[in-house]
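Input: a single structure, listed below in structure tokens.
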Amino acid sequence: MTGDAALINEYNQCNKNSTVRIADGSSSQVKGIGLSRISRDVILNSILHIPKLDYNLISISKLTRDLNCVAKFFPNLCKFQDLDTGKKIGSAKMCSGLYLLNGFTPQKGQTQNGILAPHKGRSVLNFYVNKDSDVMLWHYRLGHPNFMYLEKLVPSLFTNKNSESFKCEVCQLSKQIHSSDPTISYKSSHPFAIIHSDVWGPSPVKNITGTRWFVFFVDDHTRLPWLFLMKEKSKVSQIFQNFHSMIQTQFHTKIQILKTDNAKEYFNSELNTYCLNQDILHISSC
Ligand SMILES: [Zn+2]
């Protein structure tokens, strides 16, 4: 029995006018019925919702019948043992004359839950509330499923919990496919001091002018790119010379450094001679 409907899964309204006599002698109406998990291994059926109840209570006689287990009472302890397997399925500690179920941490606002006590020939015990670590444990065991799907799969794990509030660091990191860009350690002081260049092609499809190769120049200072089309990649040298002329005319400055890869379209006698004559330093980046 519980006074908190949130602890009950698969809640059904109780239409019969059933009542339960509680500890102060008064009668209280049974509002609903459902099931609840009291430990990792134990799910109880027929949990009654009685709004006036201040404690969560379990009938030991019903518990032992439903679960086919034995309850052993010791001076300071109570143990529950499965009769088929002999496995211990739960325990409770004596606390102020009542038995407090192990593994239960009262939530904020909850008082005196977690108690198992002799009561008119029956004993009473609170419901186990799943911890956040249980949710994470099952998230790991099942291969990191989305918490929303985990809730659909095991609703009882999320009693009084919001599946959207759970975050898994492993999941977050595994979705991150790129590390952040390294800080640029050097940047040229003015436009066109350093030009980066590369060639791409051949394109599987020719464009309408019949070109299949591309060369681009990127200004290190402004990061602005220029793209030129080529019918043959051997045209790179001539295109660079034209590009340099355009820079001199339009921007009144000269290229100081040309950075390229080791491709032979860059390292040939024509471009080498041009760079030497123009005092351009040609650097291979790899
Ligand atoms: Zn995860």
Residue pairs, from the table K52/K87; K88/K161; K31/K152; K31/K131; K52/K152, whose Cα atoms sit over 29 Å apart: K52/K87; K52/K152
Net lengthening on full extension, F216/L281 (0.36 nm per residue, minus Cα-Cα): 21.6 nm
Prolate/oblate/rounded label for the range 133-286 (Cα gyration tensor, a/c 1.5): prolate
Placed amide H near G90: partners under 5 Å, 5+ positions off or other chain: F80
Whichever lysines have a C-alpha closer than 28 Å to that of K259, once near sequence neighbours (fewer than 8 apart) are set aside: K187, K206, K231, K233, K235
Rg(Cα)/(2.2 N^0.38 Å) for the range 194-284, N = residue count: 1.07
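Quick note: the coordinates plus some simple rules give every number you see, no bench work behind them. None of these values were measured; they are calculated from a predicted model.
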